[in-house]
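The values are calculated or read from the model by the stated rules, or taken from the named source; none is laboratory data. Just so we're clear, the structure is a prediction, and the values are computed from it rather than from any experiment. All Cβ positions, even for glycine, are placed from backbone atoms using ideal geometry, and neighbour counts span all protein chains on display. Protein only, heavy atoms only, side chains kept; ligands, DNA and RNA dropped before computing areas. Shrake-Rupley method; radii C 1.70, N 1.55, O 1.52, S 1.80 Å.
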Amino acid sequence: RYRIHANSLDVATGGYRLTLLEAAPPAQKAARARIEAGQEVRGRLDERDALLDEAYYEYWIYSGHAGERLVIRMKARFDTYLGIGRLEQERFDELQANDDAPDGTTDSELSLTLPVDGPYAIRATSAEPAATGDYTLSVTRRR
């Protein structure tokens, strides 16, 4: 049972219409796509994505090599949150995460050296609950 209260922001009266729609449930499994070094991809977080602590997220899979040095950056109009780790089934073992880039923006940036060969999952999400919108994600090799 829910109770809905309708009110005005100022002292005002008049008619109004209240509509209640049922939203589709979030995905049970996060979307996955491939990304390579030197590539910038576009993504979108929305209500069809999986939820983690009230934030939508997607995975980008990177095939890495031990000793490879990477910079991974996520940019969006919302406050981004970026993580990298190993993905086994739906369990994400995080190696590193970042909320804000070194330049002080709400973009996210990771700088790391990969410990072992194999696939890595880059988790693109937001620092704000239920934030949606377009984003870009890039992976760059460092020397």
Report Rg (one decimal) and Dmax (nearest whole number) for the chain, counting Cα atoms only, units Å. 19.0, 66
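Sort the following peptides by mean Cβ neighbour count (other Cβ atoms within 10 Å, averaged over residues), highest first: 86-95, 70-79. Mind dumping the intermediate values first?
Details: 86-95: 11.7, 70-79: 18.3.
Put in order of decreasing packing, that is 70-79, 86-95.
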Alpha carbon centre of the range 31-50 versus the range 104-143: separation in Å? 10 Å
Over the chain, what relative contact order in percent results from Cα pairs under 8 Å that are six or more residues apart? 32 percent
Based on the Cβ-Cβ distance of S63 and A33, what FRET efficiency does E = 1/(1 + (r/R0)^6) give at R0 = 22 Å, to the nearest 0.05? 0.95
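Calculate, for Y2 and R143, the FRET efficiency according to 1/(1 + (r/R0)^6) with r their C-beta to C-beta distance and R0 41 Å; round to the nearest 0.05.
Working: r = 57 Å, r/R0 = 1.39.
Result of the calculation: an efficiency of 0.10.
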Rolling a 1.4 angstrom probe over the protein heavy atoms, how many square angstrom per residue are accessible across the range 1-100? 78 Å²
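Go through 106-117, 31-42 and give me the packing order, highest mean Cβ count within 10 Å leading.
Working: 106-117: 16.1, 31-42: 12.9.
By packing density, highest mean first, the sequence is 106-117, 31-42.
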Can you tell me the FRET efficiency between D79 and T13 if r is taken as the Cβ-Cβ distance and R0 is 35 Å, rounded to the nearest 0.05? 0.40
Once you put a point 7 Å from the Cα of D46 and another 7 Å from the Cα of E90, both along the Cβ direction, what distance in nm separates them? 2.2 nm
